[in-house]
1. Percent antiparallel among DSSP beta bridges with both residues in the chain, to the nearest 5?
2. Taking every pair of distinct Cα atoms and averaging 1/r, then inverting, what Kirkwood hydrodynamic radius in Å comes out for region 46-102?
3. Taking the Cα atoms only, what angle lies between the long axis of helix 5-34 and the longest principal axis of the chain, rounded to 10 degrees?
4. As an exercise, identify the trypsin sites (Lys or Arg not before Pro) in region 71-135 lying in DSSP coil whose Cβ has no more than 11 other Cβ atoms within 10 Å.
5. State, as an integer percentage, the relative contact order of the chain based on alpha-carbon contacts under 8 Å between residues 6 or more apart.
6. Of the listed values [x] 1.10; [y] 1.07; [z] 0.99, grab the one calculated as Rg/Rh (Cα atoms, Kirkwood Rh) from the structure here.
7. For each pair in Lys79/Lys117; Lys36/Lys117; Lys28/Lys193; Lys26/Lys67; Lys32/Lys117; Lys26/Lys79, compute the distance between the two Cα atoms and list the pairs where it is over 26 Å.
8. Can you give me the Cα centroid spacing of region 77-131 and region 155-175 in angstrom?
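We did not get these values from a lab; they are worked out from the coordinates using the rules stated. Computed from a predicted model, the values in this text were never measured in an experiment. Don't worry about glycine lacking a Cβ; one is built from the backbone with ideal geometry, like all the others, and counts go over all protein chains shown.
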Amino acid sequence: MIFGGFGGYLIYLAILLIIPIWAQWKVKSTYKKYSKVRNESNMTGAEVARRILDENGLYNVAVEEVKGMLSDHYDPRKKVVRLSSGNYHEPSAAAQAVAAHEVGHAIQDSEEYAFLKFRSALAPVASIGSNMSIFILIAGVLFSVSGLVLIGIIFMAFAVLFQFVTLPVEFDASNRAMNHLVSSGVIRNNEEKQTKKVLNAAALTYVASALVALLELIRFVLIFVGMNED
C-alpha cells in the first residue's frame, strides 16, 4: 500500500493537519504578542504604510481599513493597501510590520516584479486547478480511470506551482518591508528583531501551505503510478 500501509497513511494525514495548524498558531500567537507592544515611533499601521508609499512615490496607492483580523492585503487592481482595523489604528510593533509588508507588495507591483507578474498570470488556471482537481481525482480513483487521475494531477500541479511562486513574492515583500522600515527610520535597532519575528511567523503560513499542497500532489502521483502498475 502507498505510504507504508494504513499506519503510514494515518501518519501522512496527521502531518497534513499538524503543519497548517501549527503555522496558524505560530502566526496568531506571534501577532497577538507584538500587537500589545507599542512601537517606538508611535506610528499606526496606516501612518507607516502612507509614509513608505510616499517615500517611494506611490501617491496613487490608497490605504484603507478593512474588517477582520489579519485580513490585511494589497489589491493590485484598485491600487489599495488594506489593513485590518487593529493594524490600521494601533501603533504596535505588529501593525508596523504588517503594514510595511503589504506596502512591499505595492512596490513590487509598481516595479513589475517578475514573480508577482508570474503569479498573477498563473492565478486563473491555479484557481480552476484548486477548485476542480480534487473532484476529478476522486472520480478517477473511485472509477479506476487513470486518465482522469492524470488530468486531476495536471490541474493540481498548477495550483501547487502557484503556491511555490507565492513564496518568493512573500519573502521579497518582507525583505522590502524591513529595508524600508530601517532606512526610513520608522524602527530602531532594538525593534528589528521584533519586526523580523512577526514577518517570519507570517511567512510560515505560506511555507506550510506550499508543503501540504506538494504532499497532496505527490500522493496522487503515487496513486496514478500504482494504478498503471496493476
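1. Approximately 45 percent, going by the DSSP bridge assignments.
2. One over the average 1/r among Cα pairs gives 11.0 Å for region 46-102.
3. 10
4. Qualifying residues, ordered by number: Arg77, Lys78.
5. Computed value for the chain: 23 percent relative contact order.
6. [y]
7. Checking Cα-Cα distances, Lys36/Lys117; Lys32/Lys117; Lys26/Lys79 exceed 26 Å.
8. 13
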